[in-house]
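The values are calculated or read from the model by the stated rules, or taken from the named source; none is laboratory data. Everything quoted here is computed from the prediction, not taken from an experiment. Positions of Cβ are backbone-derived with ideal geometry, glycine not excepted, and every protein chain shown enters the neighbour counts. Calculation scope for accessible area: heavy atoms of the full protein, side chains included, ligands and nucleic acids excluded. Shrake-Rupley method; radii C 1.70, N 1.55, O 1.52, S 1.80 Å.
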Amino acid sequence: MKTYISKITTLSLFIIMAILAQTGSVYAQHEKYPERQKGNHQKPNREKIEAQRVAFITTELNLTPDEAKVFWPVYNEYDNKRHELKKALKNAGDFHKPEIEKLTEKEAVQILDNQIIEAQKLLDLRKEYHAKFKSVLPAVKVLQLYDAEREFQKMLIDRLRQHKQNPNPPADPK
């Protein structure tokens, strides 16, 4: 039984990676860290994190190959749109503390209103894709998806904290 589950999981991962390659959902490396493109991989790059997230969610949801085939294109579309909206939300409130005191009341109100507008767009997107997820997966798996997303975020934050505490871990013996 364990061998069967292992084979299905491996097959699912291959299918998912093929779907990801077709949909182009793996993000390019962030312009902020050009050293990553030159082979310095001390910090995890977006592509590696994306692959880990796909594997994590696939495992947590125990997706069948048929479910994975219909789920991942929808999820990738959602994730790309969510990423763009989060960037807009960050930009809507992107200022530094010393600048706050220099803002006029009108400018401060505009920034606050823009933050709410962008946050609402993010919520609207989640509502839209909540319905789409329920159309391609059973409700139980949609609940598991939301839980898996939270768990993966926690795992990334924990890894980041560990990296900050020990930025130069011993080399991997493999």
Between residue 150 and residue 103, what's the calculated FRET efficiency when r is the beta-carbon distance and R0 is 41 Å? Round to 0.05.
0.75
Quote to one decimal, in nm, the extra length available between residue 48 and residue 69 on full extension: 0.36 nm per residue of separation minus the C-alpha distance between them.
5.5 nm
Whole-number accessible area per residue in Å² for the range 61-163, which is evaluated in the context of all protein chains at 1.4 Å:
68
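Which entries of 90/132; 121/164; 48/81; 87/154 have Cα-Cα distances beyond 22 Å here?
Values: 90/132 26 Å; 121/164 33 Å; 48/81 20 Å; 87/154 20 Å.
Those over the limit are 90/132; 121/164.
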Mind giving me the FRET efficiency for residue 166 and residue 60? R0 is 41 Å, r the Cβ-Cβ distance, nearest 0.05 is fine.
0.90
Euclidean distance of C-alpha centroids, the range 106-121 and the range 43-62, integer Å
32
